[in-house]
Amino acid sequence: MTDTLRPVQHTGFRASTGEFVSRIRSGDLGALPVVVGLAVIWIVFQALNPTFLSSTNLVNLTMQSAAVGTIAIGIVLVLLLGEIDLSVGSVSGVSSAILAVGWVQAGWPLPVVLVACVAVGALIGVLYGALRTTFGVPSFVITLAGLLGFLGLQLWILGRTGSINLPFDSPVVQFGQQWFLPDWLSYTIVALSCAAFAWSGLSMSRRRRDAGLPAVSYAVVATRAGLLLVGLLLAVWYLNLSRGVGVMFLFFVALVVAAHLALTRTAWGRSVFAVGGNVEAARRAGIRTGRVYVSVFALCSALAATGGILATARLAAANQGSGGADLNLNAIAAAVIGGTSLFGGRGSAFSALLGVLVIMSISLGFTLLNLDSSVRYMVTGAVLVLAVVIDSLSRKTRAAAGRA
Amino acid sequence: MRAETPRPGKLSMRGISKRFGAVRALIDVDLDVRAGEVVAIVGDNGAGKSTLIKVLAGVHPADSGTILFDDAPVTIDDPTDARDLGIATVFQDLALCDNLDVVSNLWLGRELRKGGGLDEVEMEQRSWALMRELSAKIPSVRTPVAELSGGQRQTVAVARSLIGDPSIVILDEPTAALGISQTAEVLNLIERLRERGLGVILISHSIADVQAVADRIVVLRLGRNNGDFRVADVSSETIIAAITGATDVRRRPLRTGTDR
């Protein structure tokens, strides 16, 4: 009987690709649709306007993506729980108002103001989490109320001024607009990240092999690390043709990687997926589900506040419209387009990165074509619907393949 | 494959009564389980089977009666008490997270840590060992639970209850929704539990399953004990008669004149 249950040893190239194909076939699409979608969007815009894929424009794309992307990481977290936060735009606006009023008008020290912004965001999230767990009010309603309430708070903080400019030579604005990595540093960071990736893969493979568990072969790990290295080097080289890799964009990517590690390598991350998959099962397994809700909402709002700081830095101003307009929905759309399921329990921090690149590519593409925002909104809406349809379809396919 | 650690030899419930408002769900019920013994609780709908195991699992504390572990009285007021005493319950809905793989489900809420993160290698290794011990037919412990059949899911749920090293495992209708071969799989699994020296309490509607796997059969009828048989000595007709009330094996005369 025991021969029915023995770990398969050494997974090589063929097994790795075979597993990938069978996962796709059974509807576990992961990042595939969004990568294909991004390629299509880029090809179309490049055909319409040859400057679209220019280094300058792609540098713009990365800098535009940082703020919305940071907010989208928080949305990914709440979506993983099967919840939603509609108020991220307003919370980022509150943060932007605190930054401008506290620092420019009241003259508080910058570090204090930045900490205050993020702390206020986290507190708002704790409030949501407490309301959600104590009274069981759907997060849709709580955060809809938050959307209105915190928009009011933002206007109140800004007071009569309405719009406050940040000094152009301040570190905040420099961070948002002017700071780019020197070429050597960008290549060093790429090399170090790939080395860390390879080392972690190899040591995991070795530990698993020592323990008699199925392990990917060293060759596969090395190939993956090599592909990552080549890809990143190409990307960084191309960006370096003009201004290079923005510090703000690097900050955003670092947040994505941190969120990814927290979700996949810690007990907290495991409990987030468990609550999103089956909250009753999580509760009976002894997970304190209330704490999971509160921590996730707090992180989401804190990330929204951080995104507000980045947006203010990029714009060099805070006004009554900060965090308004389409910021809210773009952040939510980015998370969904990136492949995080609306149904909870399925997704990845990287969907924030991929999703925001899609949204911002569409936005920049139409700007380059001199089409006004009417077309852009309609196309973004259509892409969002497409993403949700793909999510639902892949869920059905998973159910049919027994992977629901 | 006997258990190495000494476990309490015997769990006894004596004179357990429980009422929900006007309904007397359990009246003076007794139950004994010894280590390495499978005891089946059978009875018609509303006989009090589920209530009895919920008392033991700490979901509903009993109104009166005593619970003894090796003749020492214990109190079970909530699920944590039951868990601390080494009583693990697998409820009918299994409570698994479909989106997580087998390893994650087994260790959910008590993950092994290493440094700042999870010790996936150790957890996976011990999951393989546990699954082998239970002779489970599962393609891989890294399969998401959603991909498993009903019998395999039942196996995962039972395996999870074993992670805490319990002395008593309660299974609520483990074969209710399963096909023939999957039922056989679960019955096999129950025998593995007995081999490990665990006391198993099995609730079932299927007389055939009970006869196949149990050592003793305890019949409940309308909230009272209505027979306690050794499987070897009893026919299915006798059991059915006890369940339906055709034979009244109660120890005391009825308190009222009718059968209510």
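No value in this document is a laboratory result; all are computed from the given coordinates. Since we're looking at a predicted model, the values are computed, not measured. Backbone-built Cβ (ideal geometry, glycine too); neighbour counts: all protein chains shown.
When the Cα convex hull of the protein assembly as shown is projected onto planes of every orientation, the mean area is 34.6 nm². Dipole of the protein assembly as shown computed with +1 at Lys/Arg Cβ and -1 at Asp/Glu Cβ about the Cα centre; of A:LEU131, B:LEU118, B:ALA242, farthest Cα towards the positive end is B:LEU118.
Computed on chain B, the Cα convex hull volume stands at 140 Å³ per residue.
Once you reduce the range B:88-117 and the range A:378-394 to the center of their Cα atoms, the two points are 33 Å from each other. Out of all Cα-Cα pairs in the range A:319-369, roughly what percent, to the nearest whole number, are more than 16 Å apart? Roughly 47 percent, rounded to a whole number.
Rounded to whole numbers, the Karplus 3J(HN,Hα) couplings from phi for the range B:90-105 are 10, 6, 4, 7, 6, 6, 10, 8, 4, 7, 9, 7, 4, 4, 4, 5 Hz, using 6.51 cos²θ - 1.76 cosθ + 1.60 with θ = phi - 60°, and x at Gly and Pro. Inter-chain neighbour count for B:106-113: the average number of beta-carbon atoms from partner chains within 10 Å of each residue's beta-carbon is 5. Averaged over residues, the count of other Cβ atoms within 10 Å places the peptides B:207-215, A:129-137, A:332-340 in the sequence A:332-340, B:207-215, A:129-137, highest first. Paramagnetic label reach from A:VAL115 (point 7 Å along Cα→Cβ; backbone nitrogen cut-off under 20 Å): within the range A:141-176, residues A:171-172.
Return the average number of partner chain Cβ atoms within 10 angstrom of each residue Cβ along peptide B:128-139.
Mean number of neighbouring Cβ atoms from other chains: 3.
Look at where the Cα atoms of the range A:109-167 and of the range A:234-251 average out, and the two centres are 32 Å apart.
Approximating the spin labels as points 7 Å out from Cα along Cα→Cβ, the B:ALA22-to-A:ALA47 distance works out to 7.6 nm. Mean per-residue shielding of peptide A:211-217 is 3, counting Cβ atoms of other chains within 10 Å of each Cβ. Taking a Cβ cut-off of under 13 Å around B:LEU178, the surrounding Lys, Arg, Asp and Glu residues balance to a net charge of -2, with basic ones at +1 and acidic ones at -1.
For the listed peptides A:207-220, B:232-245, B:95-108, a ranking on the average number of other beta carbons within 10 Å per residue, highest first, reads B:95-108, A:207-220, B:232-245.
For the set B:LYS10/B:LYS54; B:LYS10/B:LYS49; B:LYS54/B:LYS114, the pairs lying more than 29 angstrom apart at their alpha carbons are B:LYS54/B:LYS114. Could you give the size of the charge dipole of the protein assembly as shown about its Cα centre, using +1 on the Cβ of each K and R and -1 on the Cβ of each D and E, expressed in debye and rounded to the nearest 20? My answer is approximately 160 debye.
Inter-part distance, the range B:203-223 to the range B:13-81, computed on C-alpha centroids, equals 16 Å.
Here is how the number arises for the protein assembly as shown: DSSP H runs of 4 or more residues each give -39500 (n - 2.57), the sum is divided by the residue count, and the result at 222 nm is -18500 deg cm²/dmol.
What is the set of long-range amide H partners of B:GLY227 at a cut-off below 5 Å, with H atoms built 1.01 Å from backbone N? Amide H to amide H, under 5 Å and 5 or more residues apart or across chains, B:GLY227 pairs with B:VAL219. Entry for the range A:180-245 at q = 0.17, 0.25, 0.27 Å⁻¹: log10 I(q)/I(0) = -0.62, -0.96, -1.05, Debye formula applied to identical alpha-carbon scatterers, no solvent contribution.
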